[in-house]
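What follows is calculated from the coordinates using simple rules that are stated; it is not laboratory data. If you're wondering where the values come from, they're calculated on a predicted model, not measured in any experiment. As a convention, Cβ positions derive from the backbone with ideal geometry for all residues, glycine included, and neighbour counts pool all protein chains shown.
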Protein chains: 2
Amino acid sequence: MGAVRLSSQEEYAKLIDQYDTWMFDCDGVLWHGDRLIPGATEVLSLLRDRKKNVIFVTNNATKSRKSYKGKFDQLGVEAKVEEIYGSAYATAVYLSSVLQLPKNKKVYVIGQSGLEEELREEGITYIGGTDPADCTITPFSLENFTLDPDVAAVVCGLDTAINYTKLSKAFQYLTRNPGCQFIVTNEDSTYPAAHGLLPGAGSISAPLRYALGKDPIAIGKPAKTMLDCIKAKVHFDPRRTIMVGDRLNTDILFGQAGGVSTLLVLTGITLESEISGSNPSPIVPDYITTSIGDLAIVDK
Amino acid sequence: MGAVRLSSQEEYAKLIDQYDTWMFDCDGVLWHGDRLIPGATEVLSLLRDRKKNVIFVTNNATKSRKSYKGKFDQLGVEAKVEEIYGSAYATAVYLSSVLQLPKNKKVYVIGQSGLEEELREEGITYIGGTDPADCTITPFSLENFTLDPDVAAVVCGLDTAINYTKLSKAFQYLTRNPGCQFIVTNEDSTYPAAHGLLPGAGSISAPLRYALGKDPIAIGKPAKTMLDCIKAKVHFDPRRTIMVGDRLNTDILFGQAGGVSTLLVLTGITLESEISGSNPSPIVPDYITTSIGDLAIVDK
C-alpha cells in the first residue's frame, strides 16, 4: 500500500486529530543548519495549543540535551529539555539502565563533549573523548599504552577529532578486555553540515567495525533502543503517535519499528525521486507532505 | 582436497625442485617486526644458490620499495629493490599504467611518506598525505575548503595520522568530482605491530567505504592488481611459481587467484586451529609447513 500524499486542509486537520503524540526529527524537518523551515514554529505552537505531546528525537550525539536546547532557543523554537531525546542521552541511559554498568567500570569514548556530558549526568565514568592526551596526531604506539582493565564498553559517536590513537585504544579494549561492549550512538553514514554533507557517526565507527569484523550495538534511530529510552520516560499510545522525519532509513524506519505512524517531509535528505519514480525505496511512510509548514493550513 | 603437510627432507627437496619463482610475504614469514624467523636467511640463500627467482610481495604501503629495502639490509637479508613489490608501488603503477592518469590530473592521498614516494617516482601529482595542513586535529569546515577540480582519484593506505580533515576532503572529492576513482592500497583489517595488532589500511578506508556505500578498487593482496604489476616487470611461469605466506585471506588467496601454487607457514597470522579442527577455513593452501626455516633441511 502506498503512502498517502496529504494536500487538503481536511486531510491535515484529520491528521492532527488522529495523533496525540508527535515525534519530530529536527535537522531537515524543523531547520537546516541555522535556518528555520518556514511554518515550523507555527505548526509546533498549533500542536501545543491542541494539547499534543511534542517530542524531539535527534541522532546528533555531539550535543547534550541541554546544549541542543540552546539551538532551539537560538532559533526561537519552544522546547523543554525533557522533550528532547538525543542519541548521546539515549546511549548514556542504555549504559546505566540496560547494561547496568557497575560503578567501578568505565567507558572508553570516541566522541565529543555532548556525549561526555550525558555520560556524566548518568553517573558513568569515562576516559578518552575530548581528553587532550587522546586528541593528538602523534603516532600511536602500544609500547606507551597501558590497558585499563575497568573499561567495559567502547562508546563511539560523531567525533571530528577522530584519530589513530582513539581508534587503536578502542580496538585494544574491544579485543583484549573480555566482554567489552561495542556501542555506537547512531549509524548515519553522513550528516548535513552547513555547506554540504560530511562523514557521519556511522563512518567514524566504521574502522572498528571493519577491524573487529563485528557490528556494534546501535542506539539512535532507526534502532529500537532510542524508542525504549523514550518509553521509559513518557507514556504514549503507539496507535495515536506519529513520527515526522526527512530520512527514510532512519526516521521512517524508526517509527515503523516502534509501531507508530510515520510522516515523511521532503525538506531534508529524502528526495521526491526516491519515493516515486521507477525504483522507489522499499521503506514506505504512512503519509507524505512537502514540508512540516504545510500543517499550518489547519489554522487558516 | 586438503593441503599437503610437509615434513621430510625429500618433500622439501622436491618442493624446491618444482618451483622456479618464489614469492614471499615478509612480515610473519621472514620476520616479526625486528626479529628474523630462524632459518629465513639460510633458505633464501639456498634458493638463490639454486638460481631461483626470489620476489618479495608486501601489502605494507607505509614504505616505498627503497625504504623497505632498508629493512632487509638492517636484518641482514639479501634483497634488491627490483625484487620488492609493495602495495604503495603497485598503486602508483596502477594509476600510471592502468588508469593512465593524465599529467594535469592529481591524486588526493590518505597515507604516509612511502606511498607519496612511490607516486612521485611514477610521476603522479598528489595533494594531502603528509602535508602539515591536512595533518591536524583542528575541526574541518567546508567553509574553508576549496574543491580542486583536478583531483581524479583518492588513494588510501595505512595512515596513522588519519583525521576528520582527510576523511572529509576525500569524501568531497569522491562525491563532487565526477568520475573520481576510489583506490585503496590494500584491505588488511589489522596489522601486526611490535606489541600487538593495530587497525590496518582496510580500517583506515572503512569510513569512506561506509559514507559512500561503495567498495574501492583494492590493489594489494589478495587483489589480482598486485600480480598484474609483478607480471609487467618479471616473467614467470605460474605452474612453476609458488607464493609463501602466513595469511590465508591475503597471501594464499592471492596466490590462488593468480594461478600459482601456495605454501602456508604458521609463524604469523594464521593459526594451526584455523586450518585443522572442526571448522577449518575454506581457503586451503597447496602446502603447509611450520616455518620457512623448515626448508633449510634440504642443505643438511
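Numerical summary
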item	result
Leading residue at positive end of dipole, chain A (Cβ point charges), from A:V284, A:Y85, A:A152	A:A152
Estimated distance in nm for a label pair at A:F145 and A:D299, the labels positioned 7 Å out from Cα along Cα-to-Cβ	5.5
Relative contact order (%) - criterion: Cα under 8 Å, at least six apart; region: chain A	23
Check: chain B dipole with +1 on Lys, Arg Cβ and -1 on Asp, Glu Cβ, in debye	560
Antiparallel DSSP beta bridges within the protein assembly as shown, as percent of all bridges there, nearest 5	15
Rotation relating A and B, chain B residue nearest the axis via C-beta, angstrom	B:A206, 2
Ascending list, in nanometres, of distances separating the A:L75 label from those of the other copies (7 Å, Cα toward Cβ)	5.7
Share antiparallel - DSSP beta bridges, the stretch A:130-263, percent rounded to 5	30
Cβ-defined net charge surrounding A:E272, 15 Å radius [Lys, Arg +1; Asp, Glu -1]	-1
Cα shape, the stretch A:78-216, gyration tensor, a/c 1.5 rule	oblate
FRET efficiency, A:D73 to A:K231 (Cβ-Cβ, R0 35 Å, nearest 0.05)	0.85
DSSP beta bridges in chain A [antiparallel fraction, %, rounded to 5]	15
Shielding by partners - mean other protein chain Cβ count within 10 Å, residues of A:284-291	0
Pairs of lysine residues in the stretch B:48-146 - Cα separation under 20 Å, sequence separation of 8 or more or cross-chain	8
Relative contact order computed over the stretch A:105-147 (Cα-Cα under 8 Å; 6+ residues apart), in percent	38
Distance in nm between pseudo-label sites at A:L266 and B:R120 (7 Å out along the Cβ direction from Cα)	5.3
Size-normalised alpha-carbon gyration radius of the stretch B:111-192, reference 2.2 N^0.38 Å	1.09
Rounded to the nearest 20 debye, dipole of the stretch B:139-238 from Cβ charges on Lys, Arg, Asp, Glu	100
Mean Cα-pair separation over length for the stretch A:202-300, i.e. relative contact order, pairs under 8 Å, 6 or more apart, %	21
For A:K221, net neighbour charge (Lys/Arg +1, Asp/Glu -1) across residues whose Cβ lies under 15 Å away	-4
Gaussian network model of chain B, Cα within-10 Å springs - most flexible of B:L263, B:L101, B:L253	B:L101
Separation of the A:Q9 and A:T138 label points, Cα + 7 Å toward Cβ, nm	6.8
Given charges at beta-carbon only (K, R positive; D, E negative), |dipole| of the stretch B:180-296 in Debye	440
Estimated Rh, chain A: Kirkwood, alpha-carbon pairs, angstrom	20.0
